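Below: one structure, written as structure tokens.
The values are calculated or read from the model by the stated rules, or taken from the named source; none is laboratory data. All values reported here derive from a predicted model rather than from experimental measurement. All Cβ positions, even for glycine, are placed from backbone atoms using ideal geometry, and neighbour counts span all protein chains on display. Surface areas here come from the heavy atoms of the whole protein model, side chains and all, with no ligands, DNA or RNA. Shrake-Rupley method; radii C 1.70, N 1.55, O 1.52, S 1.80 Å.
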Amino acid sequence: GVALGLERTRAVLRGLGDPQLKMVTVHIAGTNGKGSTAAMTESILRAAGMRTGLYTSPHLSRFTERIKIDGQEVEGDRLAALLPRIDSIGVPLTYFELATVLGFLVFAELGVEVMVAETGLGGRLDATTTCQPVATAITSIAMDHAELLGNSLTEIARETAGLAKRGVPLFLGPLAAEADDAIARVAENIGAPLRRLSPDLELPPGCPVALGGAHQRSNAALALALAKVAAGAAGRSLSDEQFCQGLRAVVWPGRLEMLQGILLDCAHNLEGAIALAAALDTMPHRRPRALLFSVVAGKPAREMLNVLAPRFDAIFLTQSSNSRSLTAQQLLTLLPSLPPSLLPAAPLLPAAPLLPAAPLLVTRAVDDPMQALSMARAYLAEQQQPEGVPLVVGAGSTFLVGDLRAFLLCEARDPLPTSDPVSVPVFNDLLNKS
């Protein structure tokens, strides 16, 4: 379950000899974009020849996706072999705390030079905050996980800013003024130098970003800044060519990722839906379109559908394998009957004109996501236009993207589909079923 706090993790790490202190570390938080920024930072450092460790969450298909060395998942058997040492400390850990300790320990054991760590939830009490970074970053602040982090942007920003460390530069992506002010106050009290990056910061000339979407430009700028600090702390230098090589080569699955004519995007909150909508508005030739949409309880599903619905010709509401996923019928009651004609104001993203949208010809509630995918493909085949390029988009939930991606790639899935955060009753129920 979720039990925010650092005492348990710190106690276990001390018992293991504090492996998190044996490498240069970059620590990244934020509502959206922290995983992409972490992946780009690691890719840049790896392009410069450094031995890297990347710790992220949640995973799409396999637990080992969370813990990578030099771009490759650490073998599950190697991680399992470390469990007795962790258990011997005698301190019980939550799922996420255990994952974090495993990541830190295996990185130290295998000689990682620079670790890039993404927070799981917030920052102040997140298990990853036990690391000692040379640079930190907050990519964005939006209303998400309010039940745990706070009921306003100010409260969430303050909680997230708890990853800041005295004397360690804290880089900020483009934030709303309310969130920026709250973080600035925390940074001043802690003594963390604040570094703001403009959303239109220029990258090195001729330096494309492999990850799609205008929002990735500011994430890339953060990654460049973080990589430069980390490389310096490791006694290395970085050239523009290494920056660009890392950004060209970065892979971050499930973020505007095209697979077999299907666009997969882990847009799981309103800010993510707005970013996806802005990306879709740059693809006017992609018609007809069908949306596969699932969302877990507690997310602003109605608002997300308000943003996405006008950009599609058909909506297929479905349910991911996650136990917290709303049913398709529940989502059907949230679908707007008259979608808005304009993209909602999005101060964190460039404005994008709305495509002329066809009326919603099809709205279906299909709980099984693979059946929904089949129906969406059949619908697009019937609606094929002479000059059109049909597109299916799977979005609304990281877990839906994981389901679809594993199906499309015939990837193995972990038998226990544990997510974080997850309640203790849900976890016990999953254990009993498996």
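Things worth noting here:
- Filter result for the condition that a residue is hydroxyl-bearing (Ser, Thr, Tyr), part of a loop (DSSP other than H, G, I, E, B) and crowded, with 20+ Cβ neighbours inside 10 Å, over THR9, THR31, THR25, THR37: THR31
- Where a residue in the range 188-212 is surrounded by 16 or more Cβ atoms within 10 Å (Cβ to Cβ) and modelled with pLDDT of 80 or more and its partner, wherever it lies, is of a type in the set (Phe, Trp, Tyr) and assigned to a loop (DSSP other than H, G, I, E, B), with Cβ under 8 Å and at least six apart: LEU211/TRP252
- Residue within the range 367-375 that is touching a Ser or Thr at 6+ places or on another chain (Cβ under 9 Å), at pLDDT 85 or above and open to solvent by 80 Å² or more (accessible area, probe 1.4 Å) present: yes
- Unmet criterion (only one of (1) out of contact with any Ser or Thr (no Cβ under 6 Å at 6 or more places or on another chain); (2) open to solvent by less than 30 Å² (accessible area, probe 1.4 Å); (3) of a type outside the set (Val, Ile, Thr); (4) more than 15 Å from ALA227 (Cβ to Cβ)) for ARG14: (2)
- So ALA275, is it aliphatic (A, V, I, L, M), surrounded by 22 or more Cβ atoms within 10 Å (Cβ to Cβ), in contact with a His (Cβ under 6 Å, 6 or more places away or on another chain) and closer than 30 Å to GLY298 by Cα: yes
- Qualifying residue in the range 236-245 (condition: modelled with pLDDT of 90 or more, of a type in the set (A, V, I, L, M) and closer than 26 Å to PRO58 by Cβ): no
- When we screen ARG14, ARG46 for residues that are part of a helix (DSSP H, G or I) and out of contact with any helix residue (DSSP H, G or I) (no Cβ under 9 Å at 6 or more places or on another chain), the only hit is ARG14.
- Comparison of ARG248, ARG302, ARG236 shows that the only residue that is basic (Lys, Arg), assigned to a helix (DSSP H, G or I), open to solvent by 10 Å² or more (accessible area, probe 1.4 Å) and over 30 Å from SER320 (Cα atoms) is ARG248.
- Every pair of residues 6+ apart whose Cβ atoms lie under 7 Å, when the first sits in the range 106-135 and is on the phi > 0 side of the Ramachandran plot while the second is open to solvent by less than 10 Å² (accessible area, probe 1.4 Å) and outside any strand (DSSP E or B): GLY122/THR160
- Qualifying residue in the range 100-119 (condition: open to solvent by less than 50 Å² (accessible area, probe 1.4 Å), in a loop (DSSP other than H, G, I, E, B) and under 24 Å from LEU264 (Cβ atoms)): yes
- Single match in ALA351, ALA345, ALA357 (criterion: touching a helix residue (DSSP H, G or I) at 6+ places or on another chain (Cβ under 7 Å), open to solvent by 20 Å² or more (accessible area, probe 1.4 Å) and at pLDDT below 50): ALA357
- Scanning the range 305-325 for residues that are crowded, with 24+ Cβ neighbours inside 10 Å, outside any strand (DSSP E or B) and free of Cβ contacts under 8 Å to residues at least 60 places away in the same chain returns VAL307, GLN319.
- Flag if LEU224 is open to solvent by less than 30 Å² (accessible area, probe 1.4 Å), within 20 Å of LEU170 (Cβ to Cβ) and of a type outside the set (Gly, Ala, Ser): yes
- Scanning the range 1-41 for residues that are in contact with a Lys or Arg (Cβ under 8 Å, 6 or more places away or on another chain) and closer than 18 Å to VAL106 by Cβ yields one hit, LEU16.
- The range 42-92, residues that are β-branched (Val, Ile, Thr) and over 19 Å from GLY111 (Cβ atoms): ILE44, THR56, ILE86, ILE89, VAL91
- Residues located in the range 152-170, provided they are crowded, with 24+ Cβ neighbours inside 10 Å and either farther than 17 Å from GLY122 by Cβ or among the aliphatic types (A, V, I, L, M) (or both): ILE156, ALA157, ALA161, LEU163, ALA164, LEU170
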